[in-house]
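Read the figures in this text as sums done on the coordinates, not as results from a lab. Because the structure is predicted, anything quoted here is derived from the model rather than measured. Here the Cβ is made from the backbone with ideal geometry for all residues, glycine too, and neighbour counts use every protein chain on show.
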Amino acid sequence: MKLRIGFFSLLFLVSCSSILKTDKPEDLKLKSDIDQRLVIEEVAEVSVVEKPEQKVMKVQTAGKQKAIQPPPMLALEKSAKNLKKKESVIAREPLLEDSEGFIGRRPLHDPFQVGEKIKHEVFYNLFRITAGEMEYSTLPYKIVNGRKAYQFAISLKTTNLFSSFYAVDDRVVTLVDYDLWLPRLFTLHVKESSQLREGRSYFDFEKMKARYEEKKITSKKGVEEKKQEWDLLPYSQNVFSLIYYMRLFAWADGKEYSFRVADDGENLVFKGRVVARETLKTDAGEFKAIKIKPEFTVKGAFKPVGDIYIWLSDDERKIPLRIESTIKIGTIISQILDYQPGVK
């Protein structure tokens, strides 16, 4: 599985001591019709007012409050509504996903709070030297085409010491539909010793198409462009929303959890199971933890991604505590340093 962020870029040591720079930053600017397809609004506050005849969403933005009428339903939402009419309970789609802890697509307990920050230390097990820090952030909600959306950010930056070998300063922001829990857009910003890269991925759940586009500058090849479009399977996550989506599930012993992931022109199925429950001692404190072994399948065939384990806190928050990935020269570990809860 190819991840689009430089998490493992930390491993490739090269004789370069600083972030690559360009004299023409406009070369990285992405231009496409995605800009016309999405209307993204900054909001300070979102509230829902129930009326007998309709649901009206009130948005506080730029010091003014305005009411947004419910937007046209996405194709998947129409399908789910038709299914609900035939069922005595609100149905959970797709069928491959576990339904415990959900009402339809919404979780009974929402672990995400605006302002939440989870800081990780990234290091090797062979020598305990910090290579970098990773941070997971829950940012203020946004409105995407009239629909409330989560805004999640993941950043990765090397330490001053490690940057003398290979410098990384990467960040990705992904927007996820609040009601359906579907990723709409992610934007990727990569600044490293060997490359500068701007990328974005748009999931169109009306036309069931996924698109990815990027511009990259390297010292060897100069400016390169890449564009992909492929058929999207319903209810697919992207590679950045998946770590957040994992936090919604119950993770009971003896059960396998599955959901779809679309990336790099492929439609995959994430599968995970609990392999242990243990107490994890970290710099952020002691946590009761769930240890999960993830796997991926492509077109029905198992696709190995190496020995990777993910630890989540064994509570309603399901905080990402630790990620281990075995490589040829040992194990790279990302472990929690600090946790700051947000506010509902």
**Residue that is over 30 Å from L30 (Cα atoms), aromatic (F, W, Y) and under 15 Å from the mean Cα position of the chain (by Cα), where the choices are F112, F123, F152, F102** = F112
**Prompt:** So which residues in the range 247-268 are among the aliphatic types (A, V, I, L, M) and either surrounded by fewer than 19 Cβ atoms within 10 Å (Cβ to Cβ) or over 16 Å from P94 (Cβ atoms) (or both), if there are any at all?
**Reply:** A250, A252
**Among (1) part of a strand (DSSP E or B); (2) surrounded by fewer than 21 Cβ atoms within 10 Å (Cβ to Cβ) - the single one T174 does not satisfy** = (2)
**Message:** Can you say whether K271 is part of a strand (DSSP E or B), within 21 Å of D307 (Cβ to Cβ), basic (K, R) and in contact with an Asp or Glu (Cβ under 9 Å, 6 or more places away or on another chain), as far as the supplied structure shows?
**Reply:** yes
**Request:** Filter the range 230-241 for residues that are surrounded by 14 or more Cβ atoms within 10 Å (Cβ to Cβ) and part of a strand (DSSP E or B) and give the result.
**Result:** W230, Q237
**Prompt:** Any idea which of E214, E206 is outside any strand (DSSP E or B), more than 17 Å from the chain's Cα centre (by Cα) and touching a residue at least 12 places away in the same chain (Cβ under 8 Å)?
**Reply:** E206
**Prompt:** Hey, P183 hits all of (1) within 23 Å of L96 (Cβ to Cβ); (2) free of Cβ contacts under 8 Å to residues at least 60 places away in the same chain; (3) surrounded by fewer than 15 Cβ atoms within 10 Å (Cβ to Cβ); (4) not hydrophobic (A, V, I, L, M, F, W, C) but one; which does it fall short on?
**Reply:** (3)
